[in-house]
Structures are given as structure tokens and as C-alpha cells.
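Undergrad: The structure is given below, and queries will be raised subsequently.
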Amino acid sequence: MRYITRYIPPPPYEPAVMRALFRLALLTLFALSSPALAEAPVRVFAAASLTNALNDIAREWEKAGHPKPSLAYAASSALAKQIEAGAPADVFASADRTWMDYLDDRGRIMKDTRVDLLGNELVLIAPKGKRIPIRMERSFDIAGAFSGKLCTGEPGVVPVGIYAKQSLEAMGWWASLKGRIVGTDDVRTALAFVERGECPLGIVYSTDAKISSKVEILQRFPQNTHKPIVYPFAAVKDARPETQAFLRFVETSPAAAAIFDRYGFTRLKR
């Protein structure tokens, strides 16, 4: 037996279906043509001490029509190790040159995007209302001036701890204090320990002390007791296209400059 087949056209689409398909096509076209929608969020790995300032700058970036950046904060040492291991990041903002150099030496940084953007100060703090008389003199017996621990970042690893050790050595205080130092994962953890009174003294950046109502600054370490506190920013190798525009916004926009000034950072590039 022979079977005869013939083409049967599909039924025409209902008007409602046609309208839905048309709207979908328009939305797709708009998404592909709109820079704000086509952009992928910039992924920022930044030193913990930049948390408040970069959060505010991210909001200004959004107001300018860009997707909200993905922000990750920790010690510069931890972030550099993560980027080295392949963590997806577009921007690295370090609290010292050492860890930026670490990634630069391993080919993980776009050299032409690197800029020393900010500076800071190193300060000695105590819980609010629990001031300890401290003199910034080599002859001062700081170990005998208080009981308990001194909190700062892990010496030799976390940037604030690196600067702290340099200053304590320059002041002649390191030998008497090294057994009483609590090295934390990052500067904000050291700040929190002092806020809670778990450490009667702490060494943090002045910008960290400024944001807290629970601590007070006892003394500022002289600039010549430690290497300059510098925050380099750079794009990570193979960063997303929008990264360089974000870096320009952070480096040159009046909005970002006003935010850094408000939190007490020194702007090295104007």
C-alpha cells in the first residue's frame, strides 16, 4: 500500500502570541544595545581598610548607570594569594606595594594600569574612655605602661602588621612587646578587638580609627618610623572590559575624590 504525504501548514499565531514574541525581540535587542545592561559587574578585591570608602564609591558608580560592582574585602596578603590561585577578580587594591609587587612579579597585573593612589597614617588606639598615657619616645617603657595584649595585623604578613612592626622596631619597643602582640587577619579585625576591650591597645590606620566611635587615638606614629603607607590600584590580567573605566572613575572622578577625603585618606594622585 502506498502512503501519500502532503505538507500541512501550521496554524497562524494568535495576535496575543505575536505581540509577546515581538516584545521579547525588542527586549533582547535593547539588552544587547544598552551598555549598562550589557556590562558585567566589575569584580574588586580590596584591602579591608578601604571598605567604607569603596562601598560609597560603588554607589556613585551605580548612579552613573553601571552595574553594581562585586566587592570583596580582606587583608591584601590573602587577596593577592587568592588572585594568584585564579580567583576571578578584575581590580586589586592593596594596602601596600609589597603585595601588588607580589602579583606583578607573577604576571597577574596589567602593568600599565597600576597607580599609587592613596596614603594613610599609622596610629596607636585604645578603647573609648580607657586612655593610656603614651609618649612617642624611644626611652618610654611602653611594655610597662599597660597590661594585656596589643592588637594589629599579623606582623610580617598583613600590611598594617608590617608597618606596625617597622614602627615598633624604630621606636625600640618591638623586643619588649613582640610576645604580647595579637596578629589578626586584617586591620578591621584588630579594630574590632580594641572596640570590644579585648586588647587595651591596638595599631591600625587613622582611617579605621576615624570610622569608629568606640576607640580613640592615643598617638600617631612618626612617618619616618615605617615605610610610606601606599595603596596601589591595578587591573588584574584578563580583566573585564569595563574595568579600566571603573579604575578611571576611582582615580579621577570628583565623587571618588570627595569620598576618599571624607574618610581621611591622602590622595597621592590628583
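Undergrad: Restricting region 158-198 to residues that are over 19 Å from Pro222 (Cα atoms) and assigned to a loop (DSSP other than H, G, I, E, B), which is most open to solvent (accessible area, probe 1.4 Å)?
TA: Top of the filtered list is Arg196.
Undergrad: Among the residues of region 115-122, are any farther than 23 Å from Arg270 by Cβ, modelled with pLDDT of 95 or more, open to solvent by less than 10 Å² (accessible area, probe 1.4 Å) and touching a helix residue (DSSP H, G or I) at 6+ places or on another chain (Cβ under 6 Å)?
TA: Narrowing region 115-122 to residues farther than 23 Å from Arg270 by Cβ: none.
Looking through region 115-122, none of the residues is farther than 23 Å from Arg270 by Cβ, modelled with pLDDT of 95 or more, open to solvent by less than 10 Å² (accessible area, probe 1.4 Å) and touching a helix residue (DSSP H, G or I) at 6+ places or on another chain (Cβ under 6 Å).
Undergrad: For Leu103, are the conditions met, namely being closer than 15 Å to Val187 by Cα, touching a Ser or Thr at 6+ places or on another chain (Cβ under 9 Å), open to solvent by less than 30 Å² (accessible area, probe 1.4 Å) and assigned to a helix (DSSP H, G or I)?
TA: no
Undergrad: Please determine whether any residue of region 206-217 is within 19 Å of Gly129 (Cβ to Cβ), polar (S, T, N, Q), more than 16 Å from the chain's Cα centre (by Cα) and modelled with pLDDT of 95 or more.
TA: Yes, the conditions are met somewhere in region 206-217.
Undergrad: Which of the residues belonging to region 62-100 are in a helix (DSSP H, G or I) and over 26 Å from Gly183 (Cα atoms)?
TA: If the condition is that a residue be in a helix (DSSP H, G or I) and over 26 Å from Gly183 (Cα atoms), then Glu62, Lys63 are the ones that fit.
Undergrad: Which of the following residues is open to solvent by 50 Å² or more (accessible area, probe 1.4 Å) and under 20 Å from Ile57 (Cα atoms): Thr266, Thr243, Thr207?
TA: On inspection, the qualifying residue turns out to be Thr266.
Undergrad: Search region 79-100 for residues being in contact (Cβ under 8 Å) with a residue 60 or more places away in the chain and open to solvent by 40 Å² or more (accessible area, probe 1.4 Å), and hand back the single one that is farthest from Pro155 (Cα to Cα).
TA: Arg97
Undergrad: Given the criteria open to solvent by less than 20 Å² (accessible area, probe 1.4 Å), under 24 Å from Ala145 (Cβ atoms) and in contact (Cβ under 8 Å) with a residue 12 or more places away in the chain, does Val230 qualify?
TA: When the stated conditions are applied, Val230 does not pass them.
The values are calculated or read from the model by the stated rules, or taken from the named source; none is laboratory data. In this text, all values refer to a predicted model and were calculated from it rather than measured experimentally. Note that each Cβ is placed from the backbone with ideal geometry, even for glycine, and that neighbours are counted across all protein chains shown. For accessibility, only protein heavy atoms count, side chains too; no ligands or nucleic acids. Shrake-Rupley method; radii C 1.70, N 1.55, O 1.52, S 1.80 Å.
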